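Remarks on the structure that follows.
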Amino acid sequence: MRATSAADRQSYLSTLCRCTPYHIVEEVLANPSESALRPQTFDGSALVLDLVGFSAMCERLATAGRHSISRLSTILDEIFSEVELRAIFPYRGYVVQFAGDAMLSVF
């Protein structure tokens, strides 16, 4: 098994905390075993973000060559990053699922 550096562990935990409710991360860090994960019930809201016209955009970009497909990836990354930084994380929301052109968040 490969040893991980402190920077790798920090990066992993940072990424984990972006998409996992922090109270769950705290429980797992305090007790790193399967028993730390258990069903929980809480009141909240869900936000579904689905990009309209994504398939049509993919088809148009596919005819323009490899560079265009790469650009599509960059565009999606920029859109979802802005949504996370402006509409989800400031309101204590968590991204629970990505699905290509869609995202599910809970608050």
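The values are calculated or read from the model by the stated rules, or taken from the named source; none is laboratory data. Remember, predicted model here, so these are calculated numbers, not experimental data. Every residue, glycine as well, gets a Cβ built from its backbone with ideal geometry; the counts of neighbours run over all protein chains shown. Just so you know, the surface numbers come from the protein's heavy atoms only, side chains and all, with ligands and any DNA or RNA stripped out. Shrake-Rupley method; radii C 1.70, N 1.55, O 1.52, S 1.80 Å.
Within region 71-107, which residues are within 15 Å of residue 48 (Cβ to Cβ) and of a type in the set (Gly, Ala, Ser)? Explain how you work it out, then say what you get.
First pass over region 71-107, keeping only residues within 15 Å of residue 48 (Cβ to Cβ): 79-80, 83-84, 87-88, 93-107.
Result: 87, 93, 99, 100, 102, 105.
Filter region 43-100 down to the residues that are in contact with a Cys (Cβ under 8 Å, 6 or more places away or on another chain) and within 30 Å of residue 24 (Cβ to Cβ), then identify the one that is most open to solvent (accessible area, probe 1.4 Å).
96
Please work out if residue 82 is under 14 Å from the mean Cα position of the chain (by Cα), without any contact (Cβ under 8 Å) to a residue 12 or more places away in the chain and part of a helix (DSSP H, G or I).
Working: under 14 Å from the mean Cα position of the chain (by Cα): yes; without any contact (Cβ under 8 Å) to a residue 12 or more places away in the chain: yes; part of a helix (DSSP H, G or I): yes.
Spelling it out, residue 82 is indeed under 14 Å from the mean Cα position of the chain (by Cα), without any contact (Cβ under 8 Å) to a residue 12 or more places away in the chain and part of a helix (DSSP H, G or I).
Among the residues of region 85-107, how many are within 19 Å of residue 21 (Cβ to Cβ) and in a strand (DSSP E or B)? Don't jump to the end; show me each part of the working.
So in region 85-107, the residues within 19 Å of residue 21 (Cβ to Cβ) come out as 85, 87-98, 103-107.
Okay, now just the ones that are also in a strand (DSSP E or B), so 94-98, 103-106.
Number satisfying all stated conditions: 9.
Considering only residues that are in a helix (DSSP H, G or I) and surrounded by 10 or more Cβ atoms within 10 Å (Cβ to Cβ), look in region 24-39 and name the one that is farthest from the chain's Cα centre (by Cα).
The initial filter retains those residues of region 24-39 that are in a helix (DSSP H, G or I), namely 24-30, 34-36.
Those still in the list that are surrounded by 10 or more Cβ atoms within 10 Å (Cβ to Cβ) too: 24-29, 36.
Working: 24: 16, 25: 15, 26: 19, 27: 20, 28: 19, 29: 20, 36: 22 Å.
Result: 36.
Taking region 48-70, which residues are in contact (Cβ under 8 Å) with a residue 40 or more places away in the chain and either part of a loop (DSSP other than H, G, I, E, B) or touching a Gly at 6+ places or on another chain (Cβ under 7 Å) (or both)?
If the condition is that a residue be in contact (Cβ under 8 Å) with a residue 40 or more places away in the chain and either part of a loop (DSSP other than H, G, I, E, B) or touching a Gly at 6+ places or on another chain (Cβ under 7 Å) (or both), then 51 is the only one that fits.
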